[in-house]
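**Q** Pasting a structure here, questions to come.
The values are calculated or read from the model by the stated rules, or taken from the named source; none is laboratory data. Just so it is clear, the structure is predicted and the values come from calculations on it, not from any experiment. With ideal geometry, Cβ positions are generated from the backbone for all residues, glycine too; neighbour counts draw on all protein chains shown. These area figures cover heavy atoms from the full protein model, side chains too; ligands, DNA and RNA do not enter into them. Shrake-Rupley method; radii C 1.70, N 1.55, O 1.52, S 1.80 Å.
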Amino acid sequence: MSDREKREVGNSNSTIKRHFSKKEDTNKIKSNLKRFRRKNTNRRHLDEKNETRYVPLANNRNRHVDKRNLRDDAKDEKMYVIPLGGLEEVGKNMTAFQYKDEIIVVDAGLTFPEDEHLGIDVIIPDFAYLESNRNKIKGLLLTHGHEDHIGAVPYFYQKLGTENIPMYGGKLTLALAKAKFEKKDAKLPKEKVITGRNILKISKYFTVEFISVTHSIADCYAICIKTPAATILHSGDFKVDLTPVDGEGFDFGRLAQLGEEGVDLLLSDSTNAQIPGFTPSERTVGESLKDEFSKAKGRIILAAFASHVHRLQQIVNIAYSHGRKIAIDGRSMIKIFEICSNLGYLKLPKDIMIDIERVETHPADKVLILCTGTQGEPLAALSRIANGTHKYITLRQGDTVVISATPIPGNEKAATKNINQLMKREANVVFEKGIGIHVSGHGCQEEQKLMINLVKPKFFLPVHGEYAMIKKHKELAVAVGVEEKNILLGENGAKFELSKREFRQVGKVPSGATFIDGFGIGDIGNAVLKDRQNLADDGIVIISILKYKNGTFNENIELVTRGFVYNKDAESLLSKTKELVKKELSVLQSEKVKEIGKIKQRIRIKVGDFLSKETDRDPIILPIIMDN
């Protein structure tokens, strides 16, 4: 106020008049109060429009108390969460989220076959439910670029079409996913490259946000999914790495902010739920590898997961600092180097790369051979080196082999066999856990607790793990304050109903495993696998019978066996079998049985019972009746 104004006020007997009404004054106070509430970190601002009241966080994790919903439960909005892969297993992660007539899908991963899956290349989720709801699907969202999250992408689009299902993910993730369309009968879908904190309205009802987390590959994200019914956070795969090699880092701020805004359901990675403590930073692997490089006097052969891009970058940097040229081998390793170097995720010093064929022309202490095969895969580069069948690399004394990985459950036997073979060839093999040449890309118990504490979910669904893992994850969630009744353990195909007030299982949808053998998708079922297992266990007996036009049979029966008995050592058994077939054919003729199917069935049963009794084996019996 100026001096003149002060004098005027002092000389006046009247009071100063308001320049706003009482109504405006009241509105201003209300506005300030709202701002205060939003800033108050001890209280939750949820939804002024729907008259949500505020409940102190310290006393109640379940903060969503809506007066309207209390008056009328029937008005609750509902959506559905449908895991199609990744529950009670490690791999083939896929989850569908449905609200009204819209569905979005998070991840489309694969898993690798086990011993009983004879001849199978890979295993993917069953898409039956998605195929029956094809027109509702609005997008495929990818958390990161590992095989167990993107390996089934080309098969997904081959089955469902690419016209109206765009693909969302980080730049590296999308590049790796697109590379999988080679030699697949599917067109590339439309794509949307995202970065951390990107918020996208991808349909009428679904709004999603990608939040950066750390893992063992760049461009790894958690995904926040919002619909009128609920807010969901899907963690993807994560660990809390405070010193990441590269990338956007772990976005503590945004996850905590979402927790303050209100998350109804958290789906979180359970892989390391049984391991106490924290997972070490990826940088610690680099320090351990430096020690191994310093000790090595000859060639270094280093096997690693091709998808561990951050580790590959550290390996490249260490090799460069030790003056070693790098040769790479293994189809997936070559593909990753090509994609990541083109996109800038792998920074390669000039002239550091050499062809694998030229390794022998360089001094032993100036070479690093970087290859695949950490899991003992029979055709991988390291396996071929171990058994002496590699085209260009022959192990010799002085070589150091570093295996920068631990066996995935189920691969221990094959990995150990490789290590033994490498040692027999007098290589120095470095593989022990305690040396520090590998760390997990998944968070352990304390990191999983931290995720829950940041997000503060009302409901919790542990995912990405075998039953023991997800059950332990449930116990961790209860320990940090999630009510036990608000935590569900599910299986693939479970249909969960979610609202602001309730989370429950309401049914099941078709789910399971689809076997990929060559170019076929799902044409190999359990019956075929059973036949293959029988062939592997007990072999096959083929019975060739010549049938004349008059309905009689040639008495010269031919028997061929494979994987059952060696014919020269079992002449007596095979002769008895032929006689048995002749007698059965005579019986069939006397009974006037003419249907080929019935004739084959009778011979199959008769011969099968006889051979089982004589040998205690059950080979596949294959009668072939040929018309003359």
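**Q** Starting from residues that are in contact with a helix residue (DSSP H, G or I) (Cβ under 9 Å, 6 or more places away or on another chain) and more than 20 Å from R311 (Cα to Cα), keep the ones in the stretch 372-385 and report whichever is surrounded by the most Cβ atoms within 10 Å (Cβ to Cβ).
**A** Checked the stretch 372-385; the qualifying residue surrounded by the most Cβ atoms within 10 Å (Cβ to Cβ) is I385.
**Q** Can you say whether D365 is acidic (D, E), at pLDDT 90 or above and more than 29 Å from P244 (Cα to Cα), as far as the supplied structure shows?
**A** yes
**Q** Something else now. For the stretch 507-521, which residues satisfy the criterion of being in contact (Cβ under 8 Å) with a residue 60 or more places away in the chain and either part of a strand (DSSP E or B) or open to solvent by less than 50 Å² (accessible area, probe 1.4 Å) (or both)?
**A** V509, S511, G512, A513, T514, F515, I516, D517, G518, I521
**Q** Looking at G298, G277, which is the one that is closer than 26 Å to E377 by Cα, among the small types (G, A, S) and outside any helix (DSSP H, G or I)?
**A** So the residue among G298, G277 that is closer than 26 Å to E377 by Cα, among the small types (G, A, S) and outside any helix (DSSP H, G or I) is G298.
**Q** Just give me the residues in the stretch 241-270 being open to solvent by 30 Å² or more (accessible area, probe 1.4 Å), over 15 Å from E209 (Cα atoms) and not acidic (D, E), in sequence order.
**A** Within the stretch 241-270, L242, T243, P244, V245, G247 qualify.
**Q** Please work out if L622 is open to solvent by less than 60 Å² (accessible area, probe 1.4 Å) and either within 49 Å of the chain's Cα centre (by Cα) or assigned by TED's automatic domain parsing to the domain that holds E114 (or both).
**A** It is false that L622 is open to solvent by less than 60 Å² (accessible area, probe 1.4 Å) and either within 49 Å of the chain's Cα centre (by Cα) or assigned by TED's automatic domain parsing to the domain that holds E114 (or both).
**Q** When the residues of the stretch 142-185 are narrowed to those that are among the aromatic types (F, W, Y) and in contact with a strand residue (DSSP E or B) (Cβ under 7 Å, 6 or more places away or on another chain), which ends up nearest to H234 (Cα to Cα)?
**A** Y168
**Q** Could you please find all residues in the stretch 314-328 being out of contact with any Gly (no Cβ under 9 Å at 6 or more places or on another chain) and open to solvent by 20 Å² or more (accessible area, probe 1.4 Å)?
**A** Y320, S321, H322, G323, K325, I328
**Q** Can you pull out the residues in the stretch 423-438 that are surrounded by fewer than 21 Cβ atoms within 10 Å (Cβ to Cβ) and out of contact with any Leu (no Cβ under 8 Å at 6 or more places or on another chain)?
**A** M423, K424, N428, V430, E432, K433, G434, I435, G436, listed by residue number.
**Q** What's the total number of residues in the stretch 353-384 that are within 13 Å of R324 (Cα to Cα) and touching a residue at least 40 places away in the same chain (Cβ under 8 Å)?
**A** 8
**Q** Only one of K495, K472, K449 is among the basic types (K, R), open to solvent by 20 Å² or more (accessible area, probe 1.4 Å) and farther than 30 Å from T279 by Cα. Can you tell me which?
**A** The match here is K495.
**Q** Quick one: in the stretch 305-337, which of the residues that are in contact with a strand residue (DSSP E or B) (Cβ under 7 Å, 6 or more places away or on another chain) and not in a helix (DSSP H, G or I) is modelled with the lowest pLDDT?
**A** That would be G330.
**Q** Still on this model: Quick test of your reading of the structure: S544 fulfils all but one of (1) more than 20 Å from the chain's Cα centre (by Cα); (2) within 24 Å of G109 (Cβ to Cβ); (3) at pLDDT below 95; (4) in a strand (DSSP E or B). Name the failing condition by number.
**A** Checking S544 against (1) more than 20 Å from the chain's Cα centre (by Cα); (2) within 24 Å of G109 (Cβ to Cβ); (3) at pLDDT below 95; (4) in a strand (DSSP E or B), the one that fails is (2).
**Q** On to the next question. Got a sec? Which of I369, I352 is more than 16 Å from T400 (Cβ to Cβ), in contact with a helix residue (DSSP H, G or I) (Cβ under 7 Å, 6 or more places away or on another chain) and not assigned by TED's automatic domain parsing to the domain that holds D219?
**A** Among I369, I352, only I352 is more than 16 Å from T400 (Cβ to Cβ), in contact with a helix residue (DSSP H, G or I) (Cβ under 7 Å, 6 or more places away or on another chain) and not assigned by TED's automatic domain parsing to the domain that holds D219.
**Q** Please enumerate the residues belonging to the stretch 329-352 that are closer than 26 Å to K391 by Cα, touching a residue at least 40 places away in the same chain (Cβ under 8 Å) and open to solvent by 30 Å² or more (accessible area, probe 1.4 Å).
**A** R331, S332, K335 - these are the residues of the stretch 329-352 that are closer than 26 Å to K391 by Cα, touching a residue at least 40 places away in the same chain (Cβ under 8 Å) and open to solvent by 30 Å² or more (accessible area, probe 1.4 Å).
**Q** Another question, then. Within the stretch 230-240, can you find the residues that are farther than 15 Å from E261 by Cβ and open to solvent by less than 10 Å² (accessible area, probe 1.4 Å)?
**A** H234, S235, G236, D237, F238, K239
Every residue, every condition in (1) over 30 Å from V90 (Cβ atoms); (2) outside any helix (DSSP H, G or I); (3) open to solvent by less than 80 Å² (accessible area, probe 1.4 Å), yes or no:
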{"site": "A527", "(1), (2), (3)": "no, no, yes"}
{"site": "E555", "(1), (2), (3)": "yes, yes, no"}
{"site": "L574", "(1), (2), (3)": "yes, no, yes"}
{"site": "K578", "(1), (2), (3)": "yes, no, yes"}
{"site": "L585", "(1), (2), (3)": "yes, no, yes"}
{"site": "K600", "(1), (2), (3)": "yes, no, yes"}
{"site": "R604", "(1), (2), (3)": "yes, no, no"}
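**Q** Please identify the pairs in which a residue from the stretch 415-443 that is farther than 27 Å from H215 by Cβ and modelled with pLDDT of 90 or more has its Cβ atom under 6 Å from the Cβ atom of a residue that is in a helix (DSSP H, G or I) and of a type in the set (A, V, I, L, M), counting only partners at least 6 apart or on another chain.
**A** Between residues of the stretch 415-443 that are farther than 27 Å from H215 by Cβ and modelled with pLDDT of 90 or more and residues that are in a helix (DSSP H, G or I) and of a type in the set (A, V, I, L, M), the close pairs are Q421/A386; L422/A386; V429/I419; V429/L422; V429/M423.
**Q** Is at least one residue of the stretch 215-224 free of Cβ contacts under 8 Å to residues at least 60 places away in the same chain, in the same structural domain as D101 (by TED's automatic domain parsing) and farther than 23 Å from F156 by Cα?
**A** No, the conditions are met nowhere in the stretch 215-224.
**Q** Let me spell it out: the conditions are (1) assigned to a loop (DSSP other than H, G, I, E, B); (2) open to solvent by 30 Å² or more (accessible area, probe 1.4 Å), and V560 meets all of them except one. Which number is the exception?
**A** For V560, the exception is condition (1).
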